[in-house]
Amino acid sequence: MTRTKIEEPVKAPKRPSDDVKREREIGKFLSNSGLGKTGLMKVFENFEERDTKNFNQTTIKKVLTKWADTYLKNLNAKGIYLYGPPGVGKTHLICAVVNRLIRKHLAFAYFLKIGDIPRNDQTVLDELCDPGLYPVLVLDDLGSEKLTERMLEILFRIVDSRMWRCGPTLFTSNLSLDELSSRIDSSEFAWSGWGQRLSGRLRESCHILFLEGLDARKGM
């Protein structure tokens, strides 16, 4: 008598665990964050505090960490204008905010150098103004390059649009807002009042933070 071979039931493919899904999302967000290889390595944990006397860097690091950790609880959060002398770690800390938002809270943030903002691509400019596409936008090194009238128009539109649509924008700069305003209004655009208009919007939409300390570049 021939025995009938009993086929084993086909096993359903394993569904990825929540942890695997989360890691995939984190990887996708990081690859689209604009940080690049260098920026991806800049986190709060490896920020070297070189200001040991008045603890300014320690305080600012704590403020930025708290901002990142409470962002999802306060989606109407104001942005940040982080300024100070060159080499004190502004870009490192603002990259750390992006990394923490994505890695710990799965909240998308996008990093962009001011000089890399496309002047003539209207589609991209519209997207940068949209918090639905860029919930948190980071613009690095404001004032480092000559600000043309076109760039001033673009910056004002980005800041203004995102403020009214509750999309926080984070800036770094070597200039205080008063210095930024004076530099713009003492240029060929003095007639336009762009300096006061832009700095006014930044004051309205951002927490103003001053970072000081030793210049890490001089110690290299």
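The values are calculated or read from the model by the stated rules, or taken from the named source; none is laboratory data. It should be emphasised that the depicted structure is a prediction, and the values quoted were computed from it without experimental measurement. With ideal geometry, Cβ positions are generated from the backbone for all residues, glycine too; neighbour counts draw on all protein chains shown. Only protein heavy atoms, including side chains, enter the accessible area calculation; ligands, DNA and RNA are left aside. Shrake-Rupley method; radii C 1.70, N 1.55, O 1.52, S 1.80 Å.
Over 23 Å between Cα atoms: which of Lys42/Lys62; Lys28/Lys78; Lys66/Lys146; Lys37/Lys113; Lys78/Lys146; Lys37/Lys146 fall into that group?
Values: Lys42/Lys62 15 Å; Lys28/Lys78 26 Å; Lys66/Lys146 33 Å; Lys37/Lys113 15 Å; Lys78/Lys146 27 Å; Lys37/Lys146 27 Å.
Among Lys42/Lys62; Lys28/Lys78; Lys66/Lys146; Lys37/Lys113; Lys78/Lys146; Lys37/Lys146, the Cα-Cα distance tops 23 Å for Lys28/Lys78; Lys66/Lys146; Lys78/Lys146; Lys37/Lys146.
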To the nearest 20 debye, the chain has a Cα-centred charge dipole, built from +1 on Lys and Arg Cβ and -1 on Asp and Glu Cβ, of 1020
Report the per residue volume, in Å³, of the convex hull enclosing the C-alpha atoms of the chain.
183
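Could you provide, to the nearest whole Å², the per residue accessible area of the stretch 118-190 with probe 1.4 Å?
Details: 3200 Å² over 73 residues.
I get 44 Å² per residue for the stretch 118-190.
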Non-local residues with an amide H under 5 Å from the amide H of Cys206, with H modelled 1.01 Å from N and Pro and chain starts lacking one, are Gly79
Relative contact order (%) - criterion: Cα under 8 Å, at least six apart; region: the chain
27
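Are there any GluC sites (Glu not before Pro) in the stretch 29-113 that are in a DSSP loop and have at most 11 other Cβ atoms within 10 Å? List them by number. Please report the intermediate quantities before stating the final value.
Values: sites: Glu45, Glu48, Glu49; in loops: Glu48, Glu49.
Passing sites in the stretch 29-113 are Glu48.
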Placed amide H near Leu170: partners under 5 Å, 5+ positions off or other chain
Ile80, Leu137, Val138, Leu139
quick shape note, the stretch 112-189: Cα extents on principal axes in Å, largest first -> 36, 24, 20
What percentage of the solvent-accessible surface of the chain, computed with a 1.4 Å probe over protein heavy atoms, is contributed by carbon and sulfur atoms?
52
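Helix-derived [θ] at 222 nm for the chain: sum -39500 (n - 2.57) over DSSP H runs of at least 4, divide by residue count, nearest 500? Spell out each step's value before the answer.
Numbers: 8 runs with 94 residues, N = 220.
Taking each H run of at least 4 residues, the total per residue is -13000 deg cm²/dmol.
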